[in-house]
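Each value in this text was obtained by applying a stated rule to the coordinates, not by laboratory testing. Note that the structure is predicted; figures quoted are calculated from it, not measured. Cβ sites come from the backbone with ideal geometry, for glycine too, and all protein chains shown count toward neighbours.
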Ligand code: NAI
Ligand code: MG
């Protein structure tokens, strides 16, 4: 048996616990099938932690994450806490945990399942073969630069500053090259180097680091052009790396290629193999407690964990194959069903996928 990996589980609020339960079932199945070993430890986080401990990110939950090899997160938030003060809001816990764990990149795959092409707003022939990953820088750029107001000659002015240092750029660009190496070895670096000084530094850094990765084919794409090409030729992209704000926008655009938010997985990474894995969607308070949430985004987040943190490529592929097999057989949760009357629930979908995981 491989060494036992410690998984910190923070199920969170709303549908979080429902979808996380199915992902854990999938992990346990890979223990049986591939001989991997996992030890699960559960912690409070988000709204439920506010209710029980008076803070969205309790110390013991953070300590649990720090001694783990990877974190599996459901979702946090809900109307109950929306009007709380900032330090008592679930989202503050999300920002806090990313910072405390040194996570500086957010990784979102967008791959189109052939049998779900009808769920997208794009033409099936444009989507054919789309399988890309957006790597977004999380800690720098205009979201974190100095911001202030002042009186100008023509009334009030607002200033946001965009700052990047070369180390912040280098660490995420290296990570993106490494990920490209494990895939089809193509990297698109997205910037606005014709206008922005931070983008010029970004591009210089990418060009310098590229000499260490001669096996990866590199293209530079201006962000406005990238926004167009994602709709015109999505299948031609493999790994896209970009700064914080461009990545925020482009990753949401890429997400919509695939149709449903219930299918989208994500990872947040720092230095080394450690990562936090979660579905892109939120706590879906409108359907929480009904047993109808789609667990696929969370199950695919486990596949991402296997690939990026543990290098368990066989088990990652087995999970992705199982999801495809179940979808190809026509099984659908409500969010991806054309005929809603035939939709199945969270546990039924989880069971079908778990049963389809094999070598
Ligand atoms: P949401 O993603 O929770 O829901 C948007 C819509 O998609 C809803 O109609 C929901 O029912 C549906 N949906 C989402 N996931 C689904 C799934 N797995 N299966 C089937 N349908 C699904 O986004 P919304 O409504 O904007 O936010 C709800 C709460 O979640 C808020 O408190 C928000 O702050 C929080 N949130 C948390 C995130 C996180 O934990 N990382 C991310 C996004 C939102
Ligand atoms: Mg966004």
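What ratio of Cα Rg to 2.2 N^0.38 Å holds for segment 216-359?
1.15
How big is the chain along each principal axis, measuring the range of its Cα positions in Å and listing the largest first?
Sorted largest first, the three principal extents are 62, 48, 44 Å.
Taking the Cβ of each residue in 88, 269 as the centre, tally the other Cβ atoms inside 10 Å and list the residues starting with the fewest.
Fewest-to-most Cβ neighbours within 10 Å comes out as 88, 269.
How high is the relative contact order of the chain? Use alpha-carbon pairs under 8 Å, at least six apart in sequence, and give a whole percent.
22 percent
Order these peptides, 337-345, 133-141, 22-30, by their mean beta-carbon neighbour count within 10 angstrom, highest first.
133-141, 22-30, 337-345
Is segment 1-62 rounded, prolate or oblate when judged by the Cα gyration tensor, a ≥ b ≥ c being the square roots of its eigenvalues, rounded requiring a/c under 1.5 and prolate requiring a/b larger than b/c?
Taking the square roots of the gyration eigenvalues as a ≥ b ≥ c, segment 1-62 is oblate.
Sort 212, 82 so the one with the fewest other Cβ atoms within 10 Å of its own Cβ comes first.
212, 82
Using only Cα atoms, what Kirkwood radius does segment 1-121 have, in angstroms?
Numbers: mean 1/r = 0.0626 Å⁻¹.
It works out to 16.0 Å.
What translational diffusion coefficient, to the nearest whole µm²/s, does segment 121-257 have by Stokes-Einstein, given a Kirkwood radius computed over alpha-carbon pairs, a temperature of 37 °C and 0.692 mPa s viscosity?
Answer, rounded: 206 µm²/s.
Rounded, prolate or oblate: which fits segment 213-277, taking a ≥ b ≥ c as square roots of the Cα gyration tensor eigenvalues, rounded meaning a/c under 1.5, else prolate when a/b beats b/c?
Note, shape of segment 213-277 comes out oblate.
Arranged by the count of other C-beta atoms within 10 angstrom, fewest first, what order do 115, 65 take?
Working: 115 15, 65 24.
Ascending Cβ contact count within 10 Å gives the list 115, 65.
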